[in-house]
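One structure is given below, encoded as structure tokens.
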Amino acid sequence: MRDLSRLIQPKSIAVIGGGAWCTSVVEQCRKMAFPGPVWPVHPAKAEIAGLPACARLDDLPAPPDAVFIGVNRHATVDVVRQLREMGAGGAVCFASGFSEAQAETGDGADLQATLLEAAGEMPLLGPNCYGFINYLDGALLWPDQHGGARVESGVAVLTQSSNMAINISMQSRGLPLAYVTTAGNQAQTGLAELGHTLLQDPRVTVLALHIEGIGDVPAFERLVQTARDLGKPVVALKAGKSARAQAAAVSHTASLAGSDAGARALLRRLGVAQVDSLPALLETAKLLHYAGPLSGVSLASLSCSGGEASLMADSAEDRKVAFPDLTLTQHDRLRETLGPMVALANPLDYHTFIWNDAGRMAQVFAIMQEGSANLTCVIIDFPRTDRCDPGAWDCVFEAGATAVAETGRPLVLVSTLPELLPEAMAARATAGGMIPMQGLDDFLTAVEAAAFIGRCGPLPAPVVQGDRPKRARVLAEAEAKRALAAAGLDVPRAMVADTVDEAVAAAKEIGFPVVLKGMGVAHKTEAGLVALGLRDALEVEEAAKGMACDGFLLEEMIGDGVAELLLGVVRDPAHGFVLTLGAGGTLTEILRDTVSLILPVTEDEVFGALDSLRIAPVLAGYRGRPGTDRAAIARAVLAVQDYIGAERNRLEEIEINPLICTTERAVAADALIRKGD
């Protein structure tokens, strides 16, 4: 892995080009008081943004640590080659028109390959990349405005979208940003390699990712392992939930978004907290920066309004967040402090009786902090400063700071509306040792995410991957079942017949009742090519004569099924092999009750997946009825996994639907395999 520290934490910066973008890079470095030299380079201009310009790279006083290249795409290649030869520390390639524009230019991919050859081992960000802002050192290779300020420590944000990076820099949430970094096309330096460098900075506390495509899964696994080793949590917003978003990712950065199910399964597997909105990403990163991962999802909530207490309780209703009951000690102490008029509960409405009495407010805050909850929050919405006087809210800051000092435990100030905890108030909160959070829903999402990270164990085995096959074909059902049975999957006793008479003979040998299937058609049920529970030779003969097909498959009838499951695996080119387990049979599309995992999985992970399904009570035995053999289900999953391990370079898809689960077996009643050369 290349060392990017010279590029990301430069002592000197060169800016190649003289347009408005390059002028802005120079201006931004001066505004942030970058302590090192900034050297503009332009063949015709004597100065840029007030600094003297060198006419040629050869005129620079020393090889620069970091270079912003703001010339056209063809000239960029020549500049990169010259920078490599002179020993520069690395470069940001601003120009577009490379692989992301192959469809439009016709030569974008070839030009990107030439760019990589020119760079050699010199670190390169982009192309099609804005660059980065290092708020810790005041170093900016950034051609636009931004909204951040110098900090001593904070969150590193890494995104493939330059415009998203600008937007994030403009946040006014009290989130300290250490780095805002873009990756562009990731032609040479991938998101994982860049993230690894950011994590190595001891001043970085959290890594927040906006991902369009992960790309190199093993590299991403190494990134997460690095974060684990350093004790730094990772939170991600993954684009590509919709088909339109996936297409946009390809056209934007030439990234392969992959399936949403695959991305979610991979991030969950690696212990990366995934959120679904940009505000949630920033609020989660903020909570993790100030409080770190949480050991659980229990909250103690306070407000001086019954409406706010109810709103908090309702907002958490469909979440994993819990509100533990007050202990007897808390109850008695709160009663002593608040008097007889306040109903004591969690969430707590402490009324306005003690408002502006900072001492008593601090006592109430501290009493709630000292309970069993993992985190304590005070709901507080500040008035508009342009029309109102916020002075009456000073008691909250005084009481909160006192409570934090007394208990040594974190205290969150959370607003119901994001705009009602403005940046100035957030700064006062952090100065007093409190955590400012904006919006109940995003706060609760952050709590769940922090608790998810807090309960993650060691990283699992590396993701199973393989080369994508060519000329994939669908195996006949009988062939597919033979292959899976060889791997250990339980399949029905079966025989293949070419004629009606052979079908009757096969049924007699298997033993009644049997299932008769016509071969040669993919969707047999819809085509009327499946007959179940045939009890004698006559029924087999009549059913076979009514099927227009190329032959017959006779199987034992699996009776006494407790439940039917779907067990499927597909190759996700961006994330590995994605296992889907859930309600199967005719209810698959109706219930849509599935969970996705990335291979490889363990028996315990299979059990956890089964427990997460809505049909879990049926599998366990519902209302006195017998349950399934969970160990048999796990064996079925692991048998499929073994087959995939052996066929990883040929396999595209496996689907078993239904997997009939009885009290003693888990039998593949139908199986599809699509594989290639």
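The values are calculated or read from the model by the stated rules, or taken from the named source; none is laboratory data. Values in this document were obtained by computation on a predicted structure and should not be read as measured data. With ideal geometry, Cβ positions are generated from the backbone for all residues, glycine too; neighbour counts draw on all protein chains shown.
Looking across the stretch 90-108, the residues that are within 18 Å of Ala183 (Cβ to Cβ) and of a type outside the set (D, E, K, R) come down to Gly90, Ala91, Val92, Cys93, Phe94, Ala95, Ser96, Gly97, Phe98, Ser99, Ala101, Gly108.
If you go through the stretch 73-114 and keep only what is closer than 21 Å to Ser162 by Cα, modelled with pLDDT of 90 or more and touching a Phe, Trp or Tyr at 6+ places or on another chain (Cβ under 7 Å), you end up with Arg73, Val92, Phe94, Gln112.
Scanning the stretch 585-612 for residues that are in a helix (DSSP H, G or I), under 22 Å from the mean Cα position of the chain (by Cα) and among the hydroxyl-bearing types (Ser, Thr, Tyr) turns up just one, Ser612. Selection over the stretch 613-626 of residues that are crowded, with 18+ Cβ neighbours inside 10 Å and part of a loop (DSSP other than H, G, I, E, B) gives a count of 2.
What about Leu328, is it over 18 Å from Cys456 (Cβ atoms) and modelled with pLDDT of 95 or more? So Leu328 passes the test. When you look at Ala345, is it in contact with a strand residue (DSSP E or B) (Cβ under 7 Å, 6 or more places away or on another chain), in a loop (DSSP other than H, G, I, E, B), surrounded by 15 or more Cβ atoms within 10 Å (Cβ to Cβ) and hydrophobic (A, V, I, L, M, F, W, C), yes or no? No.
Scan the stretch 362-384 for residues that are free of Cβ contacts under 8 Å to residues at least 40 places away in the same chain and in contact with a Phe, Trp or Tyr (Cβ under 8 Å, 6 or more places away or on another chain) and the total you get is 1. Any residue in the stretch 50-59 that is surrounded by 21 or more Cβ atoms within 10 Å (Cβ to Cβ) and out of contact with any strand residue (DSSP E or B) (no Cβ under 8 Å at 6 or more places or on another chain)? No - not one qualifying residue is present in the stretch 50-59. For the stretch 115-142, the candidate set comprises residues that are farther than 14 Å from Asn185 by Cβ and either in the same structural domain as Ser169 (by TED's automatic domain parsing) or within 27 Å of the chain's Cα centre (by Cα) (or both); within that set, the residue that is surrounded by the fewest Cβ atoms within 10 Å (Cβ to Cβ) is Leu136. Out of Leu421, Leu444, one residue alone is in contact with an Asp or Glu (Cβ under 9 Å, 6 or more places away or on another chain) and modelled with pLDDT of 95 or more. It is Leu421.
Against the conditions (1) in a helix (DSSP H, G or I); (2) of a type in the set (Ser, Thr, Tyr); (3) crowded, with 23+ Cβ neighbours inside 10 Å, Thr430 satisfies every one except (3). Return yes when Ala362 is more than 30 Å from Val606 (Cα to Cα), in a helix (DSSP H, G or I) and in contact with a strand residue (DSSP E or B) (Cβ under 9 Å, 6 or more places away or on another chain) and no when it is not. The answer is no for Ala362. Restricting the stretch 230-260 to residues that are at pLDDT 90 or above and either over 14 Å from Gly454 (Cα atoms) or not assigned by TED's automatic domain parsing to the domain that holds Gly184 (or both) leaves a set whose member that is surrounded by the most Cβ atoms within 10 Å (Cβ to Cβ) is Lys238. Of all residue pairs spaced 6 or more apart or on separate chains, those with beta-carbon atoms under 6 Å, a first member in the stretch 165-181 that is under 18 Å from Leu141 (Cβ atoms) and a second member that is crowded, with 24+ Cβ neighbours inside 10 Å and among the polar types (S, T, N, Q) are Ala165/Thr159; Ala165/Thr182; Tyr179/Asn134. Within the stretch 307-342, restricting attention to residues that are among the acidic types (Asp, Glu) and not in a helix (DSSP H, G or I), the residue that is surrounded by the most Cβ atoms within 10 Å (Cβ to Cβ) is Asp325.
Check the stretch 291-300 and report whether any residue there is in a helix (DSSP H, G or I), aliphatic (A, V, I, L, M) and surrounded by 16 or more Cβ atoms within 10 Å (Cβ to Cβ). Within the stretch 291-300, one or more residues are in a helix (DSSP H, G or I), aliphatic (A, V, I, L, M) and surrounded by 16 or more Cβ atoms within 10 Å (Cβ to Cβ).
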